[in-house]
Amino acid sequence: MRAGDELAPLEVAITRTLIVAGAVASRDYQDVHHDPEAARAKGSPDIFMNILTTNGLVGRFITDHFGPTAVLRRVAIRLGVPNRPGDTMVLRGTVEEVDGDTAVVRVTGENGIGRHVTGTVTVTVPVLVPVPGTGEEAR
Amino acid sequence: MSGTEEARDALEARLKAYEGRPAATAGAGRDPVNAPMIRHWCEAIGDTNPAYTGPDAIAPPTMLQAWTMGGLGGHAGRAPAYEELLALLDEAGCTAVVATDCEQEYVRPLRPGDEITFDTVIESVSDRKTTKLGTGHFVTTRTVVRVAGEPAGVHRFRILKYAPARREPGPSGRQERRPRPVINRDNAGFWEGVRRHRLLIQRCTACGTLRFPWLPGCASCGAQEWDTVQACGDGTVYSYVVMHHPPFPAFSPPFAVGLIELAEGVRIVSDVVGVPYDKVRIGMSVRLEFRRYDEELVLPVFQGTAA
């Protein structure tokens, strides 16, 4: 884990099912996240992903990479263009800084119309440190 | 400073007054942190992290906000100040909402069985901002989520409350223009006045009666000679209609059309601007101003002054 490391990109197919399942799992019943007609009435050509789902995908992207022992400390995201059905978002990440077992990762998510999300994630990854003389490893 | 700017400043001062006030006080999660909701979330997100299953499961930290959501049951614990702020923005035409930022810090993991409470403060309300979506105000809230009184996470959330940008230009591919006035020998003097930002009223030189709109002769005595008086610009709404349908190119319904009684006593039909269409009232004081709609069209309109 070093500054400059790049994470393997994660491709996310933006299906209607993902948008609706994410909205309902996050208890967000705003109609623009499940009702295309209501979304059109509000000026959007279709439903679009809610911010909580994007937040969850960013968290997943980081823990997929660093493994189940990774502990998310902070996730900060800003949304740009919407994630609408039929699109694909590619999440990319670069380790910006490392301080001991804690890293700050810069994340972007691009889809077919532009940048959907930018953000930073602070994650702690417990490392196995050899304890001298014992032949054992301590966390 | 124009009346429009004054109205905007007044609104911004009212919005700023909400900074620091509570948006939710002692809110409680609808459900304790629980395995089924965690599983539904993980299925939706496609998250197979083993940390979120089994006897020692923790909730995905990014679910923090989900535990505070009211769902279809509504937002229990939402404070009146927050409802007022949202209503004030709705009244100002900022009826649409979109989330723009989410910043979460996780103090300790949430586990099934944890019962969360939360307090939310309105951290800031921005000045008027124009974005691609439309013009509006960013509202930032900060929520502290607690378990047994101890902080478990902090959630800062920013939404944009905005008036949707005027949509597609007309079929010509560009913004439709307002209809042109029909200018003839009888009313040319009126439009010449408008061009010079003067609202001119005809006055019969025989009997002194003021008349509007412009006509060739006096309805009172029949004389054809006239001169003009410049309107001082003060008026009141004598009556009005709200135009909803059908939509015309270059107009965005609903909008208010006023019959304005000028201080001089004559009446003129024109737009009432600067107040929401549903706030226009009979008797409301208005003030003349000249608005440019395109490179060749200037019209006299009336700025409402809300009571």
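The values are calculated or read from the model by the stated rules, or taken from the named source; none is laboratory data. Worth saying up front: this structure is predicted, and the values here are computed from it rather than measured. FYI the Cβ positions are ideal-geometry reconstructions off the backbone, even for glycines, and counts take in every protein chain you see. In case anyone asks, the SASA skips ligands and DNA or RNA and just uses the protein heavy atoms, side chains included. Shrake-Rupley method; radii C 1.70, N 1.55, O 1.52, S 1.80 Å.
Structure notes:
- Residues (at the interface with chain B (Cβ under 8 Å from one of its Cβ atoms) and at pLDDT below 95) located in the stretch A:31-60: A:42, A:43
- Within the stretch B:118-165, being more than 16 Å from residue B:85 (Cβ to Cβ) and aromatic (Phe, Trp, Tyr) holds for one residue alone: B:118.
- Condition met for residue B:39 (in the same structural domain as residue B:157 (by TED's automatic domain parsing), in a helix (DSSP H, G or I) and of a type outside the set (A, V, I, L, M, F, W, C)): yes
- For the stretch B:54-61, the criterion of being closer than 30 Å to residue B:135 by Cβ, out of contact with any Asp or Glu (no Cβ under 7 Å at 6 or more places or on another chain), in contact (Cβ under 8 Å) with a residue 40 or more places away in the chain and not aromatic (Phe, Trp, Tyr) is met by no residue.
- Residue within the stretch A:91-98 that is surrounded by 22 or more Cβ atoms within 10 Å (Cβ to Cβ) and either more than 9 Å from every other protein chain (Cβ to nearest Cβ) or assigned to a strand (DSSP E or B) (or both) present: yes
- Residue among A:107, A:71, A:75 that alone is facing chain B (nearest Cβ under 9 Å), open to solvent by less than 10 Å² (accessible area, probe 1.4 Å) and touching a residue at least 40 places away in the same chain (Cβ under 8 Å): A:75
- Given (1) within 8 Å of chain A (Cβ to nearest Cβ); (2) modelled with pLDDT of 95 or more, index of the condition residue B:96 fails: (2)
- Residue pairs whose Cβ atoms lie under 6 Å apart, sitting 6 or more positions apart in sequence or on different chains, and linking a residue in the stretch B:187-209 that is without any contact (Cβ under 8 Å) to a residue 40 or more places away in the chain and open to solvent by less than 10 Å² (accessible area, probe 1.4 Å) to a partner that is among the aromatic types (Phe, Trp, Tyr) and assigned to a loop (DSSP other than H, G, I, E, B), are B:202/B:214.
- Selection from the stretch B:26-55 of residues that are closer than 29 Å to residue B:80 by Cα, at pLDDT 90 or above and open to solvent by 50 Å² or more (accessible area, probe 1.4 Å): B:28, B:30, B:31, B:32
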